[in-house]
Amino acid sequence: MEQDAAILLLDDYPDSCEAVASWLEIEGWLVIPTTSADAALDALRRKPVVAVVMEPYLRAGEAMHVAEAARDAVFGRPLVVSMSARGRQGDPVSYEPTLFDFNLVKPVALEKLGQILSPLRGR
């Protein structure tokens with residue numbers, strides 16, 4: 001995997017963030033794990049990423065600002081994937097146009113996440 005093919009991961013539950021980051025690293029991705037919207041926004045400004053994988057409902061901070069910033073990323077538009085335990089029916093994430101390219105419901109089958117990210121290899 002090329003070093004510039006980084007995935008920004010945002011999940012404010014540290015155990016969940018660590019578990020997904022570990023799996024992505026085993027799959028050969030460079031991962032930038034973050035547990036706050038501020039840290040994720042800072043990472044987007046500093047490093048090109050091919051994807052942002054994020055929990056859209058944080059206990060503190062505005063995750064939607066991260067999704068919006070990814071759409072306007074300085075280094076080009078990354079794929080944006082939400083992973084949430086909440087369903088989409090009637091929530092702000094479900095309205096079109098959505099900020100997310102894919103929406104996954106936790107517990108996420110990591111194989112599904114792998115299929116979504118696979119086309120990004122080598123970017």
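The residue of segment 25-56 that is farthest from Ser118 (Cα to Cα), among those that are touching a residue at least 60 places away in the same chain (Cβ under 8 Å) and aliphatic (A, V, I, L, M), is Val53.
Hey, any hits in segment 8-23 for a residue that's within 17 Å of Glu68 (Cα to Cα), of a type in the set (Val, Ile, Thr) and crowded, with 20+ Cβ neighbours inside 10 Å? No. The strands (runs of 3 or more DSSP E) located wholly in segment 10-123 that include 1 or more residues which are at pLDDT below 90 occupy 79-84, 102-105.
The values are calculated or read from the model by the stated rules, or taken from the named source; none is laboratory data. Every value quoted in this text rests on a predicted model; they were computed, and no experiment measured them. Here the Cβ is made from the backbone with ideal geometry for all residues, glycine too, and neighbour counts use every protein chain on show.
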